[in-house]
Amino acid sequence: VFWMLFGAEQNSELLISLLNAVLRHAAAIDAVEVLHAQPERLGIDDKSIALDVRVRLATGEEVDVEMQSQRRPAQRERTLYYWARLYAGQPLRGLAYTQLRRSVVIWITNFDELAEQRFHSRFVVREAGTGVPLTDHLELHLLELPKLREALDRNDEPSLVAWGRFLTATADEDLEKLAMENPLLKQAK
């Protein structure tokens, strides 16, 4: 269902809306290309993985959107491994390292992963003492749906909160209300 909602070509507007809500780029994303969800194996002994929704933006950046309904062992390491496979899977033969593009994993969970009460957490690589960023090429987003109440109270990411409400809706009445508030959520319903 998650792939049908966000990975199907006819629903690209929904995917773009979700990506804009999570990534909050300076320039809005207006086009995406949904890619084959299984990155190529880099070596004969590599573990095979299948990503939920793998997307390339017009900038060349790749984004993996994962939905996890239940906790799995080493979930954090698994997420980092997915990012590493995305990043290492970029075609580089004959190109300079400066041509590598940022890779992002968006991880949506139906369980609490972190002790903090934040609904949306963003992870990047920074120097531990000064906080100076090393690169913007590694970015991980975690959306913990059970913590949606915190985001509703703060109302600092209204578009993302709307998607969170949609993904956590348990009754047709809730979906109807959301559909009345937002044309894209009406399409998603």
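Odds and ends about this structure:
- Segment 75-104, residues that are of a type in the set (A, V, I, L, M), within 16 Å of the chain's Cα centre (by Cα) and open to solvent by less than 70 Å² (accessible area, probe 1.4 Å): ALA84, LEU86, VAL104
- A count restricted to segment 174-189 and to residues that are of a type in the set (A, V, I, L, M), exposed (fewer than 14 other Cβ atoms within 10 Å of the Cβ) and closer than 15 Å to SER17 by Cα stands at 0.
- Qualifying residue in segment 49-64 (condition: part of a strand (DSSP E or B), closer than 24 Å to GLU113 by Cβ, out of contact with any Gly (no Cβ under 9 Å at 6 or more places or on another chain) and at pLDDT 90 or above): yes
- Selection status of TRP107, of a type in the set (Phe, Trp, Tyr), under 20 Å from ARG24 (Cβ atoms), touching a strand residue (DSSP E or B) at 6+ places or on another chain (Cβ under 7 Å) and open to solvent by 30 Å² or more (accessible area, probe 1.4 Å): no
- Residue match in segment 175-182 (condition: in contact with a Pro (Cβ under 9 Å, 6 or more places away or on another chain) and in a helix (DSSP H, G or I)): no
- Against the list (1) aliphatic (A, V, I, L, M); (2) open to solvent by 40 Å² or more (accessible area, probe 1.4 Å); (3) farther than 13 Å from HIS137 by Cβ, the condition VAL124 fails is (3).
- Scanning segment 151-173 for residues that are at negative phi and exposed (fewer than 14 other Cβ atoms within 10 Å of the Cβ) gives LEU152, ASP153, ARG154, ASP156, PRO158, THR168, THR170, ALA171, ASP172, GLU173.
- Whichever residue in segment 127-150 is open to solvent by 90 Å² or more (accessible area, probe 1.4 Å) and in contact with a strand residue (DSSP E or B) (Cβ under 8 Å, 6 or more places away or on another chain) and, among such residues, is farthest from PHE2 (Cα to Cα): GLU127
The values are calculated or read from the model by the stated rules, or taken from the named source; none is laboratory data. The structure displayed is predicted, hence computed values, not measured ones. Every residue, glycine among them, receives a Cβ derived from its backbone with ideal geometry; neighbour counts consider all protein chains shown. Each accessible area value is taken on the protein alone, full model and side chains, heavy atoms only, with ligands, DNA and RNA left out. Shrake-Rupley method; radii C 1.70, N 1.55, O 1.52, S 1.80 Å.
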